[in-house]
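> Before I ask anything, let me first share the structure, which is written out below as structure tokens.
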Amino acid sequence: MSVLDKLKDPQRVYNYLYWRVRDFIQYFENWAALLRIKKTSREPFETKPHGRKEEVIISLTSYPKRFGTLHWTLECLTRQTVKADRVIVWLYEPDMAHITPEMRALESRNVEFRAAPEDYKSFKKIFYTLTTFPNAIIITVDDDMYYKPTMLEELIEAWSGDYKEIVCHYGVRIPVDASGKKRPFREWKEIRGPLADALDVMPYGFGGVLYPPGALPPQTLNTADFKRLCPHADDVWLYWMARMNGCRYRKAPKDVKVLEWPSTQASGLKNQNMGWRNDEQIDKMAKEYGWPSFETA
């Protein structure tokens with residue numbers, strides 16, 4: 001179809017303009033978030049204990065291409081209204097040599113840079129933390145995002161205390177057609193507002209996801225399988241593992257605005273996984289394990 005033919009289709013024109021305007025607005029919102037954290041990083045802040053008996057760990061991974069802005073994400077994570085016991089950044093061992101002074105400066109605020117002997121990409125943040133701290137509450141986040149100061153507190157407050165309940169700030173609902181067939185990934189819709197006891201919700205790590213101890217089964221650490229089935233979709237892998245372990249999902253009441261640092265938008269899993277690539281990995285998981293049931297017991 002030629003460009004002229006596309007212009008004759010009002011829906012195509014609308015879709016094109018809608019996404020261009022949305023991208024334009026998002027670009028300026030991302031810059032505003034960066035300026036906000038740069039300003040607040042020079043201001044004093046107050047934090048309080050998280051109040052849980054378990055250790056609370058915020059876990060993420062990164063790589064040198066993101067090191068120029070990683071310290072701003074860590075600023076967000078260490079300026080939370082409740083304090084995590086640890087903020088662990090898993091780095092592939094050779095990348096440890098590239099840690100910047102700005103990153104090192106945050107070690108005084110419970111940030112730990114730990115070497116990962118194997119580069120499991122985005123899986124490092126769950127694989128190594130789950131292996132090292134199996135009895136901790138693990139909150140996974142991304143390395144290129146702005147996080148509001150109440151992110152951690154809202155996740156902990158929303159959690160019922162049930163170790164089979166996973167809490168997220170951002171998730172999508174998996175639609176099913178009249179015949180019971182799951183719809184393609186591009187049709188999955190973002191959830192707005194609170195939601196509890198859901199089986200058909202896939203949380204996205206970039207909003208922050210709380211995993212209680214024992215929520216993820218031993219199979220989660222099967223490196224051969226996640227590299228074979230969904231090497232670029234840790235969210236997909238973790239959804240299947242949690243559902244196979246009988247977990248349900250709760251979305252925290254307050255919605256989050258997805259804000260990425262401007263220089264990181266052109267790369268990363270969030271761009272790679274849109275559309276066909278996520279569908280491809282989801283299909284592999286469904287063929288391997290079958291779709292988890294959406295029916296309550």
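> Taking the conditions exactly as written (in contact (Cβ under 8 Å) with a residue 24 or more places away in the chain, touching a Phe, Trp or Tyr at 6+ places or on another chain (Cβ under 6 Å), more than 23 Å from Glu260 (Cβ to Cβ) and surrounded by 15 or more Cβ atoms within 10 Å (Cβ to Cβ)), does Asp200 satisfy them or not?
yes
> Which numbered condition in (1) in contact with a Pro (Cβ under 6 Å, 6 or more places away or on another chain); (2) in contact (Cβ under 8 Å) with a residue 12 or more places away in the chain is the only one that Thr150 fails?
For Thr150, the failing item is (1).
> Pick from Ile57, Ile88: which is over 22 Å from Trp261 (Cα atoms), surrounded by 16 or more Cβ atoms within 10 Å (Cβ to Cβ) and β-branched (Val, Ile, Thr)?
Result: Ile57 is the single residue among Ile57, Ile88 that is over 22 Å from Trp261 (Cα atoms), surrounded by 16 or more Cβ atoms within 10 Å (Cβ to Cβ) and β-branched (Val, Ile, Thr).
> Continuing with the same structure: Just the residues that are in a loop (DSSP other than H, G, I, E, B), surrounded by fewer than 16 Cβ atoms within 10 Å (Cβ to Cβ) and touching an Asp or Glu at 6+ places or on another chain (Cβ under 9 Å), please, taken from the range 204-238.
If the condition is that a residue be in a loop (DSSP other than H, G, I, E, B), surrounded by fewer than 16 Cβ atoms within 10 Å (Cβ to Cβ) and touching an Asp or Glu at 6+ places or on another chain (Cβ under 9 Å), then Pro213 is the only one that fits.
> Now, a different point. Pairs, please: C-beta under 8 Å, at least 6 apart or cross-chain, first residue at negative phi and in contact (Cβ under 8 Å) with a residue 24 or more places away in the chain and in the range 68-81, second among the polar types (S, T, N, Q) and surrounded by 20 or more Cβ atoms within 10 Å (Cβ to Cβ)?
From residues that are at negative phi and in contact (Cβ under 8 Å) with a residue 24 or more places away in the chain, the pairs are Thr69/Thr264; Leu70/Ser62.
> On to the next question. Being at positive phi, touching a strand residue (DSSP E or B) at 6+ places or on another chain (Cβ under 9 Å) and of a type in the set (Lys, Arg) is true for just one of Lys189, Lys121. Which residue is that?
Lys121
> Can you run down the residue pairs with Cβ atoms below 8 Å, 6 or more apart or on separate chains, where the first is in the range 204-232 and without any contact (Cβ under 8 Å) to a residue 40 or more places away in the chain and the partner is surrounded by 23 or more Cβ atoms within 10 Å (Cβ to Cβ) and of a type in the set (A, V, I, L, M, F, W, C)?
Matching pairs, first to second residue: Tyr204/Cys168; Pro217/Met241; Gln219/Met241.
> Is it the case that Leu35 is touching a residue at least 40 places away in the same chain (Cβ under 8 Å) and either in a helix (DSSP H, G or I) or buried (at least 19 other Cβ atoms within 10 Å of the Cβ) (or both)?
When the stated conditions are applied, Leu35 does not pass them.
> Which one of these is small (Gly, Ala, Ser), at pLDDT 95 or above and touching a Leu at 6+ places or on another chain (Cβ under 8 Å): Ala116, Ala97?
Matching residue, one of Ala116, Ala97: Ala116.
> Continuing with this model, one more query. Do any helices (runs of 4 or more DSSP H) entirely within the range 82-201 hold 3 or more residues that are assigned by the TED database to the domain that holds Lys48 and within 28 Å of Ala286 (Cα to Cα), and if so, which? Talk me through it step by step, then tell me what you get.
Numbers: elements: 101-104, 124-132, 151-158.
Ranges flagged: 124-132.
> Can you pull out the residues in the range 239-259 that are surrounded by fewer than 23 Cβ atoms within 10 Å (Cβ to Cβ) and either over 21 Å from Trp291 (Cβ atoms) or at pLDDT below 90 (or both)?
Pro253, Lys254, Asp255, Val256, Lys257, Val258, Leu259
> Show the residue pairs meeting these rules: Cβ distance below 7 Å; 6+ apart or different chains; first residue within the range 50-64 and in contact (Cβ under 8 Å) with a residue 24 or more places away in the chain; second residue of a type in the set (S, T, N, Q) and assigned to a loop (DSSP other than H, G, I, E, B).
Sorted first by the residue in the range 50-64, then by its partner, the pairs are Glu54/Asn135.
The values are calculated or read from the model by the stated rules, or taken from the named source; none is laboratory data. Computed from a prediction, not measured in an experiment: that's the story for all the values here. We place every Cβ from the backbone using ideal geometry, glycine too, and count neighbours over all the protein chains shown.
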